[in-house]
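> The structure is given below, and queries will be raised subsequently.
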Amino acid sequence: MQRRQPLEYNKALERVAQWCAQSEHCSSEVQKKLLSYGLEEHDIARAIAWLIDNRFVNDERFATYFVRDKHRFSGWGPQKIRFQLISKSIPESIINRALLELEDLPTNDTLRHLLVSKLRSSHQPDPWKLKASLVRFAISRGYTYDDILPIVEDLLSNREYTDC
């Protein structure tokens, strides 16, 4: 397999700037992209500094949009969002500020909607196994046990009366 020739600094910077203009990316994603172009560490640092100065890259803006989008479109809870942002090397202070966005959003409504959908698709006759299945599902989506349990118990207690 033939290796690609490394891009020169200006060409790599132009490509990454265009990529960042199309969608939000954090500095660690940009660093990986520049590394894949074959740039040296000092050129990568210089390029990231330029992108930050020219507002192509902003980790705080990225984290805020990431929190909103993952909650709204994927139904993720705060724990899963936090771990994903940590994996993208976002600083803890930025993560905490971005997660404050969830206080304005109806997280319990989202959780309830996810659990109702899961309950409708479940064919588990044993109520204990069904409850465990719903709890595991919600935990995998990043919600806390304290948020999950009241909703699951409410759904299961009203199941015989509703069309869930």
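The values are calculated or read from the model by the stated rules, or taken from the named source; none is laboratory data. Remember, it's a predicted structure, so these values are computed and weren't measured experimentally. Cβ sites come from the backbone with ideal geometry, for glycine too, and all protein chains shown count toward neighbours. Side chains included, ligands, DNA and RNA excluded: accessible areas come from the protein's heavy atoms. Shrake-Rupley method; radii C 1.70, N 1.55, O 1.52, S 1.80 Å.
> Looking only at trypsin sites (Lys or Arg not before Pro) in DSSP loops with at most 14 other Cβ atoms within 10 Å, what is the longest site-free stretch of the chain?
56-158
> Using a Gaussian network model of the chain whose springs link C-alpha atoms within less than 10 Å, name the residue from 52, 90, 81 with the highest mean-square fluctuation.
So, out of 52, 90, 81, the one fluctuating most is 52.
> Per DSSP helix of 4 or more residues, -39500 (n - 2.57); summed, then divided by the residues of the chain. What does that give at 222 nm, rounded to the nearest 500?
Dividing the helical sum by the residues of the chain leaves -21500 deg cm²/dmol.
> Something else about it: Would you look at the GNM of the chain, springs on alpha carbons closer than 10 Å, and say which of 128, 76, 19 moves the most?
Among 128, 76, 19, the largest GNM mean-square fluctuation belongs to 128.
> Moving to a separate point now. Run the reach check for residue 70 against lysines, Cα to Cα strictly under 24 Å, same-chain hits fewer than 8 apart removed. What comes back?
Here the lysines satisfying the reach criterion relative to residue 70 are 32, 33, 80, 88, 118.
> Right, next: Compute, for the chain, the length of the dipole vector about the Cα centre, with Cβ point charges of +1 (Lys, Arg) and -1 (Asp, Glu) only. Units Debye, rounded to 20.
The calculated dipole for the chain is roughly 600 debye.
> Now a separate question. Per residue, how much accessible area does the chain have with a 1.4 Å probe, in Å²?
Accessible surface, normalised per residue, equals 64 Å².
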